[in-house]
């Protein structure tokens, strides 16, 4: 678990996390002051979260929830991330980075659109 730079990372899975610059990416997208919680959870837990907050009874690779203007939470099902990565023609690590950026942009207020896609590409290039 990492708790610094206004980001808390909690891995409640048995797997090891890929090495990604989570803090740097978070600061580039949301700024240093934004308080972010990032959780890596089991497929069962991700399904529970999705069912509780979105009324969708299945797991998903990422969920992001703004808590207020300056804080939010993101959760990942890494098993689903690994399974979905080839569908996007990406490695597991690159897909996780893409999803993290995607979730951060949702927390920043972006909805799925061409504008959001341009922002995703910009940040992916910045951290490639």
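Structure above, values below:
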read-out	value
Residue with peak Gaussian network fluctuation, the chain [Cα springs, cutoff 10 Å], from 113, 71, 39	113
Cα gyration tensor shape of segment 44-106, rounded if a/c is under 1.5, else prolate or oblate by comparing a/b with b/c	oblate
GNM top mover of 107, 20, 96 - the chain, alpha-carbon springs below 10 Å	20
Three-way shape call for the chain based on the alpha-carbon gyration tensor, with the a/c threshold at 1.5	rounded
Gap separating the Cα centres of segment 73-121 and segment 1-61, nearest whole Å	12 Å
Spin-label model distance (nm) - residue 35 vs residue 53, 7 Å beyond Cα toward Cβ	1.6 nm
Fraction of beta bridges assigned by DSSP in the chain that are antiparallel (%, nearest 5)	45 percent
Within the chain, helix-based [θ] at 222 nm, where runs of 4 or more DSSP H residues each add -39,500 (n - 2.57), nearest 500	-13500 deg cm²/dmol
Mean Cα-pair separation over length for the chain, i.e. relative contact order, pairs under 8 Å, 6 or more apart, %	22 percent
Length released on extending from residue 111 to residue 70, taking residue separation times 0.36 nm less the Cα-Cα span	13.0 nm
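A short reminder: the numbers here are calculations on the coordinates, not readings from a lab. Because the structure is predicted, anything quoted here is derived from the model rather than measured. Here the Cβ is made from the backbone with ideal geometry for all residues, glycine too, and neighbour counts use every protein chain on show.
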